[in-house]
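Q: Structure below; questions to follow.
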Amino acid sequence: VVNRTVLSAKTLKAVQGFHYIAEKSILVSFHVRSVAFWSLDGVQSSSTKAMLTPTATMIIETKGVPISCAFDSNQSQLLVGDTRGSIALFEIPPLDPPENHPQVKASSVILRVHKKEHVTSICLSGDRVLSSGNDGGIHVSYRIGPSLQKGISIPIPAMTGISRVWLEKNSRNSERCVAAGYFGNTFRVLDVYSGSELFRMDTGGRQRILDLYSRPDCKQLVVCSNQKHGSSSICIQRGSLLD
């Protein structure tokens, strides 16, 4: 490889996962006790052996490992969910000049939002923070400036664990909340407000491998399914989840 960019965070612990914010060219990497914030804007594929370091590091003071996040570019806030059911709110400082590499502590933390289960997904709708968890429920929290306030929990009886939650507009231009997760070995996608099922597939095992492809006019799911002979297949849902 002649041209490459290396993302180097030698002071941080092992990488646990990534979240890419495409509209801002920002990469969020999850580490034990920390989250790294990378600005990829301006990184050129023609650069030769470039070295990139985090523009900011968020310090996780809970006992959990960060595994999910949501970013509000208008208010420069990052919300992070961990493996112990907690959600933390970080105020992202100005990233210019990038050589400052500030370490940021959470401005607000709410503990055990999803009991002690993983916070698998977070999405934003104005000041509402919707999160899903392995406790089989969706929780609605609220942002009040730099603070978080605990709200209500919505149990989803037809799911034993939720992998993803998001908001979308249907064909009638009204907003609905969609949850994707498991009931036993069956992967399901439900309209939370109406309770109607949008998608179902038997995965052969609760491995929770899921990806969501998003376009302004379409939501598509990619799900991994275990086969009886031991191999796996990738199933792509055709069409749109919109009615």
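Q: Quick one: is residue 184 among the small types (Gly, Ala, Ser), under 23 Å from residue 224 (Cα atoms) and either open to solvent by 60 Å² or more (accessible area, probe 1.4 Å) or more than 15 Å from the chain's Cα centre (by Cα) (or both)?
A: Taking the combined requirement at face value, the residue satisfies it.
Q: Quickly run through the stretch 125-149 and pick out the residues that are free of Cβ contacts under 8 Å to residues at least 40 places away in the same chain, outside any loop (DSSP other than H, G, I, E, B) and either under 17 Å from the mean Cα position of the chain (by Cα) or crowded, with 22+ Cβ neighbours inside 10 Å (or both).
A: 128, 137, 139, 140 - these are the residues of the stretch 125-149 that are free of Cβ contacts under 8 Å to residues at least 40 places away in the same chain, outside any loop (DSSP other than H, G, I, E, B) and either under 17 Å from the mean Cα position of the chain (by Cα) or crowded, with 22+ Cβ neighbours inside 10 Å (or both).
Q: Hey, another quick one. Checking the conditions here, which among 162, 152, 122 is of a type in the set (Val, Ile, Thr) and free of Cβ contacts under 8 Å to residues at least 24 places away in the same chain?
A: 152 is the lone residue from the list that is of a type in the set (Val, Ile, Thr) and free of Cβ contacts under 8 Å to residues at least 24 places away in the same chain.
Q: Kindly list, by first and then second residue, each pair from a residue in the stretch 31-58 that is farther than 15 Å from residue 20 by Cα and assigned to a loop (DSSP other than H, G, I, E, B) to a residue that is at pLDDT below 85 and of a type in the set (Ser, Thr, Tyr), limited to pairs with Cβ atoms under 8 Å and residues at least 6 apart or on different chains.
A: As it stands, the answer is 47/5, since those pairs meet every condition given.
Q: Separate question: If you go through the stretch 49-73, how many residues are surrounded by fewer than 13 Cβ atoms within 10 Å (Cβ to Cβ) and among the hydroxyl-bearing types (Ser, Thr, Tyr)? If you could, list the steps in order and put the result at the bottom.
A: The initial filter retains those residues of the stretch 49-73 that are surrounded by fewer than 13 Cβ atoms within 10 Å (Cβ to Cβ), namely 49, 51, 61, 63, 73.
Filter again for among the hydroxyl-bearing types (Ser, Thr, Tyr), leaving 73.
Number satisfying all stated conditions: 1.
Q: Could I ask something else about it? Considering every residue within the stretch 193-203, establish whether at least one is modelled with pLDDT of 70 or more, open to solvent by less than 40 Å² (accessible area, probe 1.4 Å) and not in a strand (DSSP E or B).
A: Taking the stretch 193-203 as the starting set, the residues that turn out to be modelled with pLDDT of 70 or more are 193-203.
Those left that are additionally open to solvent by less than 40 Å² (accessible area, probe 1.4 Å): 199, 201, 203.
Applying the additional criterion that residues be not in a strand (DSSP E or B) yields 203.
Checked the stretch 193-203: at least one residue is modelled with pLDDT of 70 or more, open to solvent by less than 40 Å² (accessible area, probe 1.4 Å) and not in a strand (DSSP E or B).
Q: Then there is this: Take the conditions closer than 14 Å to residue 153 by Cβ, surrounded by 17 or more Cβ atoms within 10 Å (Cβ to Cβ) and either in contact with a helix residue (DSSP H, G or I) (Cβ under 8 Å, 6 or more places away or on another chain) or free of Cβ contacts under 8 Å to residues at least 60 places away in the same chain (or both) and apply them to residue 81. Does it pass? Spell out the reasoning first.
A: Numbers: closer than 14 Å to residue 153 by Cβ: no; surrounded by 17 or more Cβ atoms within 10 Å (Cβ to Cβ): yes; either in contact with a helix residue (DSSP H, G or I) (Cβ under 8 Å, 6 or more places away or on another chain) or free of Cβ contacts under 8 Å to residues at least 60 places away in the same chain (or both): yes.
So residue 81 does not fit the description; no.
The values are calculated or read from the model by the stated rules, or taken from the named source; none is laboratory data. The structure displayed is predicted, hence computed values, not measured ones. A quick note on method: Cβ atoms are made from the backbone with ideal geometry, for glycine too, and the neighbour counts reach across all protein chains shown. These accessible areas exclude ligands, DNA and RNA; they are computed on the full protein's heavy atoms, side chains included. Shrake-Rupley method; radii C 1.70, N 1.55, O 1.52, S 1.80 Å.
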